[in-house]
Amino acid sequence: MLGNQARNSMQPIKFLTFYEQWHKYRLQDKWLQRSVTQVLGTRLSDDAKANIMRYKDGPDGWAARGEALHGVVESFLKGQELVYAERWTDWVDPLVECDLFKDCEVIATEYRLCDKRKSLGGSFDFLIKRSNGEIVLGDVKTVSSQSAARRRKPAKEQLGAYAAMLCDHHPVLPIDKCVTVVSAPNECKVIEQGVDDCLEAWVDSWDKYQFMLEDW
């Protein structure tokens with residue numbers, strides 16, 4: 001456990017609320033029209049979307065796995081007791097032993113963000129300060145196997161969206177690095193990306209999303 005390292009020192013954005021049951025964000029008295037996940041999901045083909053949905057549900061589906069392991073990461077970083085079903089043990093053990101999290105200071109977990117101009121909401125998994133002073137923005141992805149972990153691409157666009165909104169709301173907070181933490185059975189893989197690369201990837205994805213709306 002991280003004990004007194006788990007400070008969660010960043011104040012939430014005022015008047016921003018996330019409604020988990022609908023996966024929607026509300027800023028003051030207005031619903032935000034879209035989330036980061038929705039924007040990036042528009043790039044997927046119909047076959048890709050169908051394949052994703054095929055493995056979503058059930059006790060061993062990716063939705064249950066993702067919820068369980070994201071909960072583990074949040075609890076671990078907060079120094080809280082870890083509660084999870086035994087079937088996820090092979091994922092949990094390497095995840096909590098990951099070098100990335102050793103002796104880190106927790107700035108925020110499951111933090112809600114928004115871009116009022118884009119009517120956009122999103123939530124990042126963690127923001128930590130490592131023992132070497134690096135401030136790292138991270139997203140956790142879970143996969144079903146080690147072979148899937150090797151194929152898993154970094155969440156550049158998603159991390160870029162969070163980095164852009166963090167710059168808007170916390171401009172004096174420097175982000176040194178973005179990471180995608182890929183959680184697989186008996187393996188935890190950390191993919192590092194430069195912040196500028198992630199920001200550029202997000203801008204490109206947003207532009208494509210805008211063009212798609214115009215085509216509609």
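The values are calculated or read from the model by the stated rules, or taken from the named source; none is laboratory data. Please read these numbers as outputs of a predicted model, since none were measured by experiment. Using ideal geometry, Cβ is built from the backbone for each residue, glycine included, and neighbour counts are taken over all protein chains shown. Just the protein is used for accessible areas: all its heavy atoms, side chains included, with ligands, DNA and RNA removed. Shrake-Rupley method; radii C 1.70, N 1.55, O 1.52, S 1.80 Å.
Brief remarks on what is shown
- Prolate/oblate/rounded call for the range 97-145, Cα gyration tensor, a/c under 1.5 rounded: oblate
- For the range 80-216, the per residue solvent-accessible surface stands at 49 Å², with DNA, RNA and ligands left out and a 1.4 Å probe.
- Along its three principal directions, the equivalent ellipsoid of the chain from the Cα gyration tensor extends over semi-axes of 26, 22, 17 Å, largest first.
- Loop exposure criterion: GluC sites (Glu not before Pro), DSSP state outside H, G, I, E and B, at most 16 other Cβ atoms within 10 Å. Applied to the chain, the longest stretch between such sites is 135-216.
- Ordered by solvent-accessible area of protein heavy atoms (1.4 Å probe), largest first, the residues 40, 127, 82 come out as 82, 40, 127.
- Counting only protein heavy atoms and a probe of 1.4 Å, the accessible surface of the chain is 47% carbon and sulfur.
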